[in-house]
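Structure first, commentary second.
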Amino acid sequence: TGETPPVCGVSIASDQSAYQVRLYQIMQKQAEEKGIRLIWKYADWDASLQNRQIRELIDDKVDVLIICPVNSKSMLDSLKEARSREIPVVNLNMKVDAYSAVYIDTYVGASSQEEGSLAAQLATELLPEGGKVAILEGTPGTDPQIYRTQAFVDELGDRPDIQIADIRSADWNRQEAEGETERLIRQITDLRLIYCQDNNMAAGAVAAIEKAGKEQDIQVIGIGEADKETMELLRKG
(Lines give C-alpha, C1' and ligand atoms only; values in the text may rest on other atoms or scores of the structure.)
Protein backbone atom coordinates (compact mmCIF):
# COMPACT_ATOMS: atom_id res chain seq x y z
CA THR A 1 0.00 0.00 0.00
CA GLY A 2 3.03 2.30 0.30
CA GLU A 3 2.07 5.75 1.58
CA THR A 4 -1.62 5.25 0.89
CA PRO A 5 -3.53 3.76 3.85
CA PRO A 6 -5.22 0.46 3.00
CA VAL A 7 -8.95 0.72 2.41
CA CYS A 8 -11.22 -1.97 3.81
CA GLY A 9 -14.85 -2.27 2.76
CA VAL A 10 -17.04 -3.65 5.55
CA SER A 11 -20.48 -5.06 4.80
CA ILE A 12 -22.53 -5.63 7.95
CA ALA A 13 -25.99 -7.18 8.11
CA SER A 14 -27.44 -4.49 10.38
CA ASP A 15 -26.54 -1.44 12.45
CA GLN A 16 -29.33 -2.26 14.94
CA SER A 17 -28.03 -5.55 16.38
CA ALA A 18 -26.32 -4.88 19.71
CA TYR A 19 -23.54 -7.32 18.88
CA GLN A 20 -22.82 -5.71 15.52
CA VAL A 21 -22.85 -2.23 17.08
CA ARG A 22 -20.05 -3.41 19.38
CA LEU A 23 -18.25 -4.94 16.41
CA TYR A 24 -18.30 -1.52 14.74
CA GLN A 25 -16.86 0.19 17.82
CA ILE A 26 -14.04 -2.35 18.23
CA MET A 27 -13.14 -2.54 14.54
CA GLN A 28 -13.16 1.24 14.15
CA LYS A 29 -10.79 1.63 17.11
CA GLN A 30 -8.39 -1.01 15.73
CA ALA A 31 -8.49 0.55 12.25
CA GLU A 32 -7.59 3.98 13.63
CA GLU A 33 -4.68 2.51 15.58
CA LYS A 34 -3.34 0.63 12.54
CA GLY A 35 -3.90 3.32 9.94
CA ILE A 36 -6.62 1.48 8.00
CA ARG A 37 -9.51 3.31 6.38
CA LEU A 38 -12.88 1.56 6.79
CA ILE A 39 -15.88 2.10 4.52
CA TRP A 40 -19.04 0.84 6.22
CA LYS A 41 -22.15 -0.52 4.50
CA TYR A 42 -25.26 -1.69 6.37
CA ALA A 43 -27.72 -4.00 4.65
CA ASP A 44 -30.70 -3.78 7.05
CA TRP A 45 -31.10 -7.59 6.74
CA ASP A 46 -31.77 -7.22 3.00
CA ALA A 47 -29.69 -9.71 0.98
CA SER A 48 -30.26 -7.91 -2.34
CA LEU A 49 -29.17 -4.59 -0.83
CA GLN A 50 -26.07 -6.22 0.64
CA ASN A 51 -25.03 -7.63 -2.72
CA ARG A 52 -25.45 -4.20 -4.35
CA GLN A 53 -23.39 -2.61 -1.60
CA ILE A 54 -20.60 -5.18 -1.97
CA ARG A 55 -20.46 -4.55 -5.71
CA GLU A 56 -20.16 -0.82 -4.96
CA LEU A 57 -17.21 -1.54 -2.69
CA ILE A 58 -15.62 -3.73 -5.37
CA ASP A 59 -16.11 -0.98 -7.98
CA ASP A 60 -14.50 1.46 -5.53
CA LYS A 61 -11.43 -0.83 -5.62
CA VAL A 62 -11.14 -1.48 -1.90
CA ASP A 63 -8.05 -3.44 -0.86
CA VAL A 64 -9.98 -6.01 1.18
CA LEU A 65 -13.58 -6.91 2.03
CA ILE A 66 -14.97 -7.91 5.42
CA ILE A 67 -18.47 -9.35 5.22
CA CYS A 68 -21.01 -10.31 7.84
CA PRO A 69 -23.68 -11.81 5.57
CA VAL A 70 -27.44 -11.36 5.82
CA ASN A 71 -27.97 -14.85 4.47
CA SER A 72 -25.46 -17.68 4.24
CA LYS A 73 -26.57 -18.57 0.68
CA SER A 74 -26.92 -15.07 -0.79
CA MET A 75 -23.29 -14.07 -1.33
CA LEU A 76 -21.97 -16.38 -4.07
CA ASP A 77 -22.09 -14.04 -7.09
CA SER A 78 -20.61 -11.11 -5.16
CA LEU A 79 -17.81 -13.28 -3.79
CA LYS A 80 -16.99 -14.58 -7.28
CA GLU A 81 -16.74 -10.99 -8.46
CA ALA A 82 -14.38 -10.10 -5.59
CA ARG A 83 -12.19 -13.09 -6.48
CA SER A 84 -12.08 -12.05 -10.14
CA ARG A 85 -10.82 -8.61 -9.02
CA GLU A 86 -8.26 -10.25 -6.69
CA ILE A 87 -9.81 -8.66 -3.59
CA PRO A 88 -9.33 -10.83 -0.49
CA VAL A 89 -12.45 -11.48 1.59
CA VAL A 90 -12.75 -12.03 5.34
CA ASN A 91 -16.00 -13.70 6.45
CA LEU A 92 -16.96 -12.33 9.86
CA ASN A 93 -19.26 -13.85 12.51
CA MET A 94 -21.97 -15.39 10.28
CA LYS A 95 -20.55 -18.04 7.94
CA VAL A 96 -21.42 -18.27 4.26
CA ASP A 97 -22.47 -21.66 2.93
CA ALA A 98 -20.06 -24.31 1.65
CA TYR A 99 -20.34 -23.23 -2.01
CA SER A 100 -19.56 -19.60 -1.16
CA ALA A 101 -16.80 -20.51 1.30
CA VAL A 102 -14.55 -21.46 -1.63
CA TYR A 103 -14.24 -17.72 -2.35
CA ILE A 104 -13.49 -16.72 1.24
CA ASP A 105 -9.87 -16.19 2.33
CA THR A 106 -10.49 -16.63 6.04
CA TYR A 107 -13.26 -16.82 8.63
CA VAL A 108 -13.24 -14.96 11.95
CA GLY A 109 -15.87 -16.04 14.45
CA ALA A 110 -17.19 -18.76 16.67
CA SER A 111 -18.59 -22.16 15.71
CA SER A 112 -22.38 -21.94 15.73
CA GLN A 113 -22.55 -25.74 15.94
CA GLU A 114 -20.41 -25.78 19.08
CA GLU A 115 -22.48 -23.01 20.63
CA GLY A 116 -25.73 -24.90 19.97
CA SER A 117 -24.24 -28.11 21.35
CA LEU A 118 -23.01 -26.38 24.53
CA ALA A 119 -26.43 -24.78 25.00
CA ALA A 120 -28.08 -28.22 24.81
CA GLN A 121 -25.63 -29.64 27.34
CA LEU A 122 -26.55 -26.81 29.68
CA ALA A 123 -30.25 -27.50 29.08
CA THR A 124 -29.80 -31.12 30.18
CA GLU A 125 -28.18 -29.90 33.41
CA LEU A 126 -30.96 -27.38 34.05
CA LEU A 127 -33.73 -29.92 33.35
CA PRO A 128 -32.61 -33.19 35.00
CA GLU A 129 -36.22 -34.40 35.03
CA GLY A 130 -37.04 -33.12 31.55
CA GLY A 131 -39.62 -30.56 30.52
CA LYS A 132 -40.77 -28.33 27.69
CA VAL A 133 -38.35 -26.02 25.90
CA ALA A 134 -38.93 -23.19 23.42
CA ILE A 135 -36.33 -21.76 21.02
CA LEU A 136 -36.12 -18.10 20.00
CA GLU A 137 -34.15 -17.93 16.77
CA GLY A 138 -32.36 -15.11 14.99
CA THR A 139 -32.94 -13.99 11.42
CA PRO A 140 -33.82 -16.96 9.15
CA GLY A 141 -31.09 -18.11 6.77
CA THR A 142 -28.15 -16.88 8.84
CA ASP A 143 -25.47 -19.34 9.91
CA PRO A 144 -26.16 -18.92 13.66
CA GLN A 145 -29.92 -19.35 13.18
CA ILE A 146 -29.45 -22.58 11.24
CA TYR A 147 -26.71 -24.28 13.23
CA ARG A 148 -27.47 -23.05 16.75
CA THR A 149 -30.83 -24.78 16.34
CA GLN A 150 -29.63 -27.86 14.47
CA ALA A 151 -26.82 -28.65 16.93
CA PHE A 152 -29.11 -27.99 19.91
CA VAL A 153 -31.74 -30.40 18.59
CA ASP A 154 -29.15 -33.04 17.66
CA GLU A 155 -27.47 -32.88 21.07
CA LEU A 156 -30.82 -33.47 22.80
CA GLY A 157 -31.49 -36.57 20.69
CA ASP A 158 -30.90 -38.94 23.62
CA ARG A 159 -33.11 -36.91 25.99
CA PRO A 160 -36.70 -37.59 24.83
CA ASP A 161 -37.92 -36.25 28.18
CA ILE A 162 -36.85 -32.76 27.04
CA GLN A 163 -39.49 -31.69 24.52
CA ILE A 164 -38.95 -28.79 22.12
CA ALA A 165 -42.46 -27.39 22.28
CA ASP A 166 -42.06 -24.42 19.90
CA ILE A 167 -39.51 -22.64 17.71
CA ARG A 168 -40.06 -18.96 16.86
CA SER A 169 -38.11 -16.18 15.17
CA ALA A 170 -37.35 -13.00 17.08
CA ASP A 171 -34.89 -11.63 14.48
CA TRP A 172 -32.09 -10.89 17.01
CA ASN A 173 -34.45 -8.21 18.40
CA ARG A 174 -35.05 -7.69 22.12
CA GLN A 175 -38.57 -6.31 21.77
CA GLU A 176 -39.65 -9.10 19.43
CA ALA A 177 -38.19 -11.65 21.84
CA GLU A 178 -40.14 -10.14 24.70
CA GLY A 179 -43.38 -10.28 22.71
CA GLU A 180 -42.81 -13.85 21.55
CA THR A 181 -42.01 -14.91 25.12
CA GLU A 182 -45.24 -13.37 26.38
CA ARG A 183 -47.15 -15.43 23.80
CA LEU A 184 -45.21 -18.59 24.66
CA ILE A 185 -45.99 -18.19 28.36
CA ARG A 186 -49.71 -17.87 27.59
CA GLN A 187 -49.77 -20.84 25.21
CA ILE A 188 -47.41 -23.29 26.97
CA THR A 189 -48.40 -23.18 30.63
CA ASP A 190 -45.78 -25.73 31.71
CA LEU A 191 -42.85 -24.19 29.79
CA ARG A 192 -39.59 -24.78 31.67
CA LEU A 193 -36.84 -23.23 29.57
CA ILE A 194 -36.31 -20.79 26.69
CA TYR A 195 -33.17 -21.15 24.57
CA CYS A 196 -32.34 -17.81 22.91
CA GLN A 197 -29.84 -17.65 20.08
CA ASP A 198 -28.27 -14.45 21.40
CA ASN A 199 -28.11 -12.53 24.66
CA ASN A 200 -30.04 -9.57 23.28
CA MET A 201 -33.10 -11.81 22.76
CA ALA A 202 -32.41 -13.49 26.11
CA ALA A 203 -32.74 -10.12 27.84
CA GLY A 204 -36.12 -9.65 26.15
CA ALA A 205 -37.22 -13.12 27.24
CA VAL A 206 -36.20 -12.41 30.83
CA ALA A 207 -38.19 -9.15 30.82
CA ALA A 208 -41.35 -11.03 29.76
CA ILE A 209 -40.75 -13.79 32.32
CA GLU A 210 -40.35 -11.22 35.11
CA LYS A 211 -43.55 -9.43 34.06
CA ALA A 212 -45.40 -12.74 34.23
CA GLY A 213 -43.90 -13.58 37.64
CA LYS A 214 -42.42 -16.81 36.24
CA GLU A 215 -38.81 -16.38 37.37
CA GLN A 216 -38.96 -19.55 39.44
CA ASP A 217 -40.59 -21.59 36.67
CA ILE A 218 -38.77 -20.71 33.43
CA GLN A 219 -35.02 -20.60 32.90
CA VAL A 220 -33.22 -18.86 30.02
CA ILE A 221 -30.13 -19.75 28.02
CA GLY A 222 -28.44 -17.07 25.90
CA ILE A 223 -25.39 -16.98 23.61
CA GLY A 224 -22.89 -14.24 22.91
CA GLU A 225 -21.08 -11.38 24.52
CA ALA A 226 -21.74 -10.80 28.21
CA ASP A 227 -22.28 -7.04 28.31
CA LYS A 228 -23.03 -5.11 31.49
CA GLU A 229 -26.76 -5.90 31.39
CA THR A 230 -26.19 -9.59 30.71
CA MET A 231 -23.70 -9.83 33.56
CA GLU A 232 -26.31 -8.34 35.89
CA LEU A 233 -28.88 -10.91 34.74
CA LEU A 234 -26.32 -13.67 35.41
CA ARG A 235 -25.70 -12.32 38.91
CA LYS A 236 -29.46 -12.37 39.53
CA GLY A 237 -29.57 -16.01 38.47
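The values are calculated or read from the model by the stated rules, or taken from the named source; none is laboratory data. This is a predicted model, so every value here is computed, not measured. Backbone-built Cβ (ideal geometry, glycine too); neighbour counts: all protein chains shown. The protein model used for the area step is the full one, side chains on, heavy atoms only, and it has no ligands, DNA or RNA in it. Shrake-Rupley method; radii C 1.70, N 1.55, O 1.52, S 1.80 Å.
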_Most positive-pole-ward Cα, Gly224, Leu23, Gln163, against dipole of the chain from beta carbon charges_ = Leu23
*Non-local amide H neighbours of Ile135 (under 5 Å, H modeled in plane, Pro and chain starts lacking H): which ones?*
Asp166, Ile167, Arg168, Tyr195
*Tabulate in residue order the Karplus-calculated ³J(HN,Hα) for the range 56-63, using 6.51 cos²θ - 1.76 cosθ + 1.60 with θ = phi - 60°, rounded to whole Hz; enter x for Gly and Pro.*
4, 5, 4, 5, 7, 6, 5, 7
*Please state, as a whole number in µm²/s, the translational diffusion coefficient that the Stokes-Einstein equation yields for the range 19-61 at 37 °C and 0.692 mPa s, with Rh defined as the Kirkwood radius across alpha carbon pairs.*
282
*Amide H of Ile162: which non-local residues (sequence gap of 5 or more, or other chain) have their own amide H closer than 5 Å, using H built in the peptide plane?*
Gly131
*Return the long-range amide H neighbours of Leu38 (sequence gap of 5 or more, or a different chain), with a cut-off of under 5 Å between placed amide H atoms.*
Cys8
_Solvent-accessible ranking of Arg37, Arg85, Arg235, largest area first, probe 1.4 Å_ = Arg235, Arg37, Arg85
*What shape does the range 1-95 have by the C-alpha gyration tensor, where a ≥ b ≥ c are the square roots of the eigenvalues, rounded means a/c under 1.5, and otherwise prolate means a/b greater than b/c and oblate the rest?*
oblate
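Rounded if a/c is under 1.5, else prolate if a/b is larger than b/c, else oblate: which is the range 186-229, with a ≥ b ≥ c the root eigenvalues of its Cα gyration tensor?
Judged from the Cα gyration tensor, the range 186-229 comes out prolate (a/c at least 1.5, a/b above b/c).
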*From the phi of every residue in the range 44-55, what ³J(HN,Hα) in whole Hz does the Karplus formula 6.51 cos²θ - 1.76 cosθ + 1.60 yield, where θ is phi - 60° and glycine or proline is x?*
6, 6, 10, 5, 5, 4, 4, 5, 5, 5, 5, 5
*State the number of lysine pairs found in the range 1-145 whose Cα atoms come within less than 21 Å, restricting to pairs 8 or more positions apart or on distinct chains.*
9
*asked:* Give me the 1.4 Å probe accessible area per residue for the range 99-189, excluding ligands and nucleic acids, in Å².
replied: 50
*Among the aspartates and glutamates, which have Cα under 19 Å from the Cα of Lys211 when same-chain residues fewer than 8 positions away are ignored?*
Glu176, Glu178, Glu180, Glu182, Asp190, Glu229, Glu232
*Once both labels are modelled 7 Å past Cα along the beta-carbon direction, what's the Glu215-Glu114 spacing in nm?*
3.4
*What is the P(r) of the range 50-170, as percent of Cα-Cα pairs per 10 Å bin from 0?*
13, 37, 23, 16, 9, 2
*Quickly work out the Lys73-to-Ile39 label distance, labels modelled 7 Å from Cα along the C-beta direction, and quote it in nm with one decimal.*
3.0
*To the nearest 10 square angstrom, how much accessible area does Val64 have with a 1.4 angstrom probe?*
40
*asked:* Can you work out the Karplus-derived ³J(HN,Hα) for every residue in the range 84-99? Use 6.51 cos²θ - 1.76 cosθ + 1.60 with θ = phi - 60°, whole Hz, and x for glycine or proline.
replied: 5, 8, 6, 9, x, 10, 9, 8, 10, 6, 9, 5, 7, 6, 4, 5
_Inter-site label distance for Asp227 and Lys80 at 7 Å from Cα along Cβ, in nm_ = 3.9
*Based on the Cβ-Cβ distance of Thr4 and Gln175, what FRET efficiency does E = 1/(1 + (r/R0)^6) give at R0 = 41 Å, to the nearest 0.05?*
0.40
*Using Cα centres only, tell me the gap between the range 120-137 and the range 1-54 in whole Å.*
36
*Quick one, what does Rg over Rh come out to for the range 142-237 if you take C-alpha atoms and the Kirkwood Rh?*
0.94
*Per-pair calculated FRET efficiency, R0 = 22 Å: Asp59 and Glu32 via Cβ, rounded to 0.05*: 0.30
_Can you give me the convex hull volume of the Cα atoms of the chain, divided per residue and expressed in Å³?_
119
*asked:* Let me make sure I get this right: for the range 159-202, a, b and c are the square roots of the gyration tensor eigenvalues over alpha carbons, sorted descending. Under 1.5 in a/c it's rounded, otherwise prolate if a/b > b/c, else oblate. Which is it?
replied: oblate
*Post the alpha-carbon centroid distance, the range 158-237 to the range 58-119, in whole angstrom.*
30
